[in-house]
Each structure stands twice: as C-alpha cells, then as structure tokens.
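Below you'll find the structure, written out as structure tokens, and then a few comments.
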Amino acid sequence: MFSEIINITESFIVANVSWAVFIGCILEQIIVPIPASLIVLSSTFLLLKGTSFSLAAVGTLLLKVVLPASMGITVGSFVYYTLAYKLGEPFIKRTSKYLGVSVEDVKEVEIKFKKSRYDDIFMFLARCFPVIPSIAINLFCGVIRYDLKKYIITTFLGSAVQIFGWGMLAWFSGNIYLVLEDQVSFIGNLVTVIIIVVVIGFIVLKRREKNQK
C-alpha cells in the first residue's frame with residue numbers, strides 16, 4: 001500500500017511538474033527554509049528518470065523545470081524586494097530574527113556589490129551561484145532601489161542558469177541510480193539475509209547454552 005501511495009504521488013508530480021516547481025519556487029523565496037535546489041532536484045529526478053540524453057529531453061527540462069522555476073523565483077523574490085524598497089533597513093531590523101538575515105548580511109552584499117566593476121554582471125552571477133543567500137540579494141536590491149527592469153532580467157536569467165545546473169545534476173544522478181539499482185537491491189537483500197542468519201545463529205547458540213546448563 002505504501003508503494004502505491006508513492007507511485008500515485010510521483011505520477012501526480014510528473015503530471016503537474018511545471019506548476020509544482022513554479023509554486024514551490026515562489027514559496028522558497030518567501031519561506032526561507034524550503035530550498036529551491038531540493039524542489040528542482042526531486043522534480044527533475046522524477047520527470048527524467050531513465051531518460052537518455054537528447055535535445056528533446058533537454059528541451060523538456062528547460063520548458064517544464066527551468067522556465068517555471070526561474071519564473072517562480074523571480075515572482076517570489078518581489079515580496080522582500082518590495083518590502084525593503086518601501087520600508088528600507090528598519091524592516092530588515094524588525095524581521096531579522098524571523099528571516100534569518102540581518103542588516104549586516106545585507107551590508108556584506110553591498111560591499112561585494114561595490115567592489116564589482118559591473119553591477120548588472122554581479123547581480124547576474126550572484127543568482128547563478130548560490131554563494132549569497134537569495135533573500136539577502138532581494139532585500140539589498142530593494143534597499144538600494146535597484147532598477148526594476150534590470151532586477152527582473154538578472155534574477156530570471158541568473159536563476160535559470162542555476163536551476164539548469166541543478167536539473168542536469170539530478171538527471172545525471174538519476175540515471176546513475178537506475179544503472180546501480182539492481183546492484184544496490186542485491187546488496188541490500190544480501191545484508192538482510194546475513195543479519196537474519198546471524199540472529200538465528202545467536203538464538204540457537206543461546207538455547208544450546210541454556211540446555212547444557
């Protein structure tokens with residue numbers, strides 16, 4: 001029964017993967033503990049499990065995972081961007097214990113931003129590589145009132161690069177898992193048999209000792 005529930009859940013996610021990824025990435029930007037990488041990895045694994053590499057499969061990854069995920073991140077990021085844009089640093093100070101991001105964290109983003117020679121490239125790369133927390137970037141852009149058009153473009157394109165990387169990793173890892181699945185299953189069964197034999201042997205040995213006494 002448990003396996004049936006898993007199969008039904010997997011089928012539902014695959015059938016609605018674009019919406020699941022889109023909504024999940026919106027929530028990831030608002031509810032910080034949910035990692036977008038986990039959403040993308042699990043969705044791609046289920047969607048492309050066992051699919052061999054081809055341009056058609058790459059297109060499926062782009063259309064059903066990368067595009068909706070990047071759109072979700074961009075839309076979701078507007079929440080804290082807008083709040084920081086309207087309320088400034090006082091908002092960050094009042095909510096830091098809830099968001100897990102302090103004014104100092106945002107200041108660190110500002111220092112890196114000022115050190116970069118090209119502002120837009122910095123924003124793009126910051127989205128490509130998850131070194132800086134996404135929420136810190138959203139708040140910083142809001143505080144400095146970073147141009148909205150540039151914000152949308154750098155957020156979307158940078159997120160697309162990052163999501164594509166996560167997607168390819170999940171796809172590659174999923175295929176490796178399928179190749180090794182039989183071996184892993186065999187080893188698991190072998191270990192189970194060994195454990196059962198050891199337990200039975202232990203019980204028999206204890207009974208013999210008891211009978212001898």
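The values are calculated or read from the model by the stated rules, or taken from the named source; none is laboratory data. Remember, predicted model here, so these are calculated numbers, not experimental data. Please note: Cβ atoms are built from the backbone with ideal geometry, for glycine as well, and neighbour counts cover all protein chains shown. All accessible areas refer to the heavy atoms of the entire protein, side chains included, with ligands and DNA or RNA removed. Shrake-Rupley method; radii C 1.70, N 1.55, O 1.52, S 1.80 Å.
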request  = Starting at the first residue of the stretch 49-58, write each ³J(HN,Hα) from the Karplus equation 6.51 cos²θ - 1.76 cosθ + 1.60 with θ = phi - 60°, in whole Hz, x for Gly and Pro.
outcome  = 4, x, 7, 6, 5, 6, 5, 5, 5, 4
message = Residues of the stretch 126-146 with backbone nitrogen within less than 15 Å of a virtual label 7 Å along the Cα-to-Cβ line of residue 83, please, listed as ranges.
response = 134-143
inquiry  = Counting heavy atoms of the protein chains only and a 1.4 Å probe, report the per residue accessible area for the stretch 1-180 as a whole number of Å².
reply    = 56
key: Zone residues, the stretch 47-83, relative to residue 15, backbone N less than 16 Å from point 7 Å out along Cα-to-Cβ   = 47
query = If the limit is 23 Å between Cα atoms, which of 86/115; 114/149; 64/112; 86/149; 64/149 go over it?
reply = 86/115; 64/112; 64/149
query = Hey, with R₀ at 41 Å, roughly what FRET efficiency would residue 23 and residue 54 work out to, going by the Cβ-Cβ distance, to 0.05?
reply = 0.90
